[in-house]
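The structure appears below as structure tokens.
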Amino acid sequence: MFRVERLTKRFANGAGAGPLTLQLPRGSTYALIGPSGCGKSTFLRLLNGLLTPDEGTVEFDGQRLTPANLAAIRQRIGYVIQDGGLFPHLSARGNVSLQAEFLGWSAQRIAARMAELRELVKLPDDLLDREPARLSGGQRQRVSLMRALMLDPAALLLDEPLGALDPMIRAELQDDLQRIFAELEKTVVLVTHDLAEASHFSRDILLMDDGRVVQRGSLRDLTRQPANEFVERFVTAQRTLHAEAPA
Ligand code: ADP
């Protein structure tokens, strides 16, 4: 579904992502993980064309991203960010339907899709009339997911979608997301900085350091056969973190 070649984006301070050459075949869930600032969000934003690479290419479903086809391709890639990124002045319903309205969908078609998605993400109907500020963090993320799925995109990119949530809501939404991903059979790329969360969602984990993927594999691969010292340190630090967490 995604194929990137020598993809590179470096900011003025030298940070960024790349060079990256890899493929993310259709229909699976991939977890992008690594320490803060290693380039996970940058990579994700290169995948959906929100950032233009300095070098290299992104191919989506066999089509190379270019300025001419970007708008059309972006409609086929749902995107969810940490705080949801919802428009504060619109109701949840208004946020979810915005793109479809722009594309001229009929009110009937919008309502039908909305009902389908509401069921999928388990959001009570009355909450759809609230503005984001009157929703909890978990509810906001459910609405963001509905918005990202409205046009039935082939791929879904999620940037730390559970990062801002408290542990119980996070665990609940983690389970729901896993069910939703399995049900939808879309290509999903999920950014997290938590190895347990990465392995919860995927057996294909891409561990990044300084903009590059240093190891790709399952949790077992990363823990049993770390590719280098950084991987070993990262895995150990995550284990220590979880071991020290209060019961
Ligand atoms: P991660 O998602 O892994 O935390 P990011 O991809 O957000 O990392 O950022 C990687 C680095 O790139 C950051 O340390 C930041 O300094 C830099 N960066 C990200 N976006 C920009 C930008 N728009 N302009 C300048 N520097 C940026």
Can you give the calculated 222 nm mean residue ellipticity of the chain, where each DSSP H run of n ≥ 4 adds -39,500 (n - 2.57) and the sum is split over every residue, rounded to the nearest 500 deg cm²/dmol? -12000 deg cm²/dmol
Residues with amide H under 5 Å of ARG212's amide H, sequence separation 5 or more or different chain, H placed in the peptide plane at 1.01 Å from N; which? GLY18
Once you keep just the Cα pairs under 8 angstrom separated by 6 or more residues, what percentage relative contact order results for region 129-247? 17 percent
Cα convex hull volume per residue for region 24-77, in Å³, equals 95 Å³
Counting pairs of alpha carbon atoms under 8 Å apart in space and at least six apart in sequence, what relative contact order in percent does region 86-152 give? 51 percent
Please list 3J(HN,Hα) in residue order for region 193-208, calculated via the Karplus relation 6.51 cos²θ - 1.76 cosθ + 1.60 where θ = phi - 60°; whole Hz, with x for glycine and proline. 10, 10, 5, 4, 5, 4, 6, 4, 8, 8, 9, 10, 9, 10, 8, 10
Between VAL80 and residues 5 or more places away or on another chain, which pairs have amide H atoms under 5 Å apart, with H built 1.01 Å from N, and which residues are they? LEU157, LEU158, ASP159
Compute the length gained on full extension between GLN99 and ALA227: take 0.36 nm times their separation in residues and subtract their Cα-Cα distance, giving the result in nm to one decimal. 41.8 nm
Evaluate the charge dipole of the chain about its Cα centre and quote only its size in Debye, nearest 20, assuming +1 on the Cβ of each Lys and Arg and -1 on the Cβ of each Asp and Glu. 420 debye
Taking Cα pairs under 8 Å and at least six residues apart, what relative contact order does the chain come out at, in percent? 27 percent
At a temperature of 10 °C and a viscosity of 1.306 mPa s, determine how fast the chain diffuses translationally according to Stokes-Einstein, using the Kirkwood radius over alpha-carbon pairs as Rh; express D in µm²/s, rounded to the nearest whole number. 84 µm²/s
For the full complex of protein chains and a 1.4 angstrom probe, list THR240, THR187 by accessible area with the highest value first. THR240, THR187
If each residue of separation counts as 0.36 nm, what is the full-extension length gain between ASP125 and LEU241 once their alpha-carbon separation is subtracted? 37.9 nm
Quick check on packing: order 21-27, 84-90 by the mean number of other C-beta atoms within 10 Å, highest mean leading. 84-90, 21-27
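The values are calculated or read from the model by the stated rules, or taken from the named source; none is laboratory data. Because the structure is a prediction, the values reported are computed rather than measured. Note that we place each Cβ from the backbone using ideal geometry, even for glycine, and neighbour counts take in every protein chain shown. Please note that ligands, DNA and RNA were not included when accessible areas were found on the heavy atoms of the full protein model with its side chains. Shrake-Rupley method; radii C 1.70, N 1.55, O 1.52, S 1.80 Å.
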